[in-house]
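Colleague: For reference, the structure I am asking about is given below.
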Amino acid sequence: MASFDIDAPRWDQSTFMGRLKHFFNITDWRTAILPDSRLDEAKALVESCRAGSVPPGTTEEQLHYAKKLYDSAFHPDTGDRMNLIGRMSFQVPGGMAITGFMLQFYRTVPAVVFWQWVNQSFNALVNYTNRNAASPITPKQIGVAYITATSTALATAVGLNLYTKKAPPLVARWVPFAAVAAANCVNIPMMRQQEILNGIAVTDENGNKLGHSTKAAVKGITQVVVSRITMAAPGMIILPIIMQRMEKYKFMQVRSFFTFISILSLVFMVPAACSLFPQRCSMAVSKLEPELRDSIVSQYGDAVQRVYFNKGL
């Protein structure tokens with residue numbers, strides 16, 4: 001077939017709707033159940049296309065599907081296959097199950113502690129998997145980040161659980177969301193602390209590396225925190241209202257309806273939250289730290305007005 005640019009975006013990434021279509025594509029939960037062999041085949045096809053040697057008889061649709069599998073399972077910085085649980089495509093089945101248990105078992109302290117621990121363990125793995133991999137993190141730093149984030153979630157959940165003992169039942173049902181939001185504010189920066197300490201690689205519009213920026217790292221991580229909290233908000237704020245009003249029905253009916261709404265919420269909110277900000281984030285050169293800004297201006301003058309970097313997911 002004629003030359004095909006497999007890395008060209010299928011949808012305009014400068015608009016929310018374009019990013020939403022992109023993330024609906026790559027967070028498709030069905031890609032999470034494919035065998036590694038199928039994913040490796042997709043990677044081989046993508047790499048062949050990049051090298052300019054598309055196998056004879058390959059259709060454009062097959063190339064698009066291969067790129068979908070590649071983007072869903074392989075890290076954009078390293079090209080390595082990501083662990084299954086940490087992939088965004090696993091957020092729907094994994095997040096649905098954990099959210100359901102947190103909202104169902106919130107009345108006792110042991111239940112709150114256990115399910116918040118499970119949730120933060122899941123989040124820590126997701127945060128580590130979707131970090132900017134150009135900034136390495138040591139096992140010790142991973143351990144400290146995990147313990148800090150989990151402790152924050154547990155302290156928030158247990159504290160609020162005890163505080164709301166005399167509050168209306170609906171308020172108590174919102175405790176898991178408060179704990180999740182607080183933990184995200186700690187978990188993500190801690191798991192990606194190397195980026196904040198040492199900066200992340202920034203490039204010009206054409207991908208030429210210009211240096212490392214801590215301000216770019218802070219901007220990218222802040223956007224990820226906002227996205228993750230937004231991802232959890234509808235399911236953990238609206239669903240408790242629905243659950244409270246349906247408690248008069250039989251348990252099986254409540255559970256079936258809740259499961260359906262939970263799936264529907266995550267199927268939409270995972271790509272929607274990821275789409276709030278471009279993954280290829282940008283920042284004006286004038287807002288960078290003085291040393292890097294001066295270095296760029298001295299080399300390129302006014303030719304480079306903005307820098308670009310992978311904010312992670």
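Colleague: Starting from the Kirkwood Rh over alpha-carbon pairs, what translational D in µm² s⁻¹ does region 14-158 have by Stokes-Einstein at 4 °C and 1.567 mPa s?
Modeller: On the way: Rh = 17.4 Å.
For the chosen part, D equals 75 µm²/s.
Colleague: Using heavy-atom solvent-accessible surface (probe 1.4 Å) with all chains present, what is the largest-first order of Arg131, Arg87?
Modeller: Arg131, Arg87
Colleague: So which aspartates and glutamates pass the test for Lys215, namely a Cα distance under 17 Å, with those fewer than 8 places away in the same chain ruled out?
Modeller: Glu195, Asp204, Glu289, Glu291, Asp294
Colleague: Moving on. Cα gyration tensor of region 1-55, axes a ≥ b ≥ c as square roots of the eigenvalues: rounded (a/c below 1.5), prolate (a/b > b/c) or oblate? Before the final figure, lay out each step's value.
Modeller: On the way: a/c = 3.56, a/b = 1.16, b/c = 3.07.
It is oblate, given that a/c is not under 1.5 and a/b is not larger than b/c.
Colleague: Residues of region 1-156: accessible area per residue at 1.4 Å, in Å²? Working shown, then result.
Modeller: Working: 7660 Å² over 156 residues.
Spelled out: the 1.4 Å probe surface of region 1-156, per residue, equals 49 Å².
Colleague: Could you sort 92-102, 74-84 so that the peptide with the highest average Cβ count within 10 Å comes first and the rest follow in order?
Modeller: On the way: 92-102: 19.9, 74-84: 15.1.
Ranked by mean Cβ neighbours within 10 Å, highest first: 92-102, 74-84.
Colleague: Continuing with this model, one more query. Past 28 Å, Cα to Cα, is the threshold; run Lys21/Lys287; Lys209/Lys287; Lys67/Lys287 against it and keep the listed order.
Modeller: Values: Lys21/Lys287 31 Å; Lys209/Lys287 17 Å; Lys67/Lys287 34 Å.
Flagged as over cut-off: Lys21/Lys287; Lys67/Lys287.
Colleague: Given the peptides 138-145, 208-215, 52-59, 220-227, arrange them by the average over their residues of other C-beta atoms within 10 Å, most packed first.
Modeller: Values: 138-145: 12.9, 208-215: 16.9, 52-59: 10.9, 220-227: 20.1.
Taking the mean over residues of other Cβ atoms within 10 Å, the ranking is 220-227, 208-215, 138-145, 52-59.
The values are calculated or read from the model by the stated rules, or taken from the named source; none is laboratory data. Worth saying up front: this structure is predicted, and the values here are computed from it rather than measured. Heads up, the Cβs are rebuilt from the backbone with ideal geometry, glycines too, and the neighbour counts pull from every protein chain shown. Side chains are part of the model used for accessible areas, which takes the heavy atoms of the whole protein and leaves out ligands, DNA and RNA. Shrake-Rupley method; radii C 1.70, N 1.55, O 1.52, S 1.80 Å.
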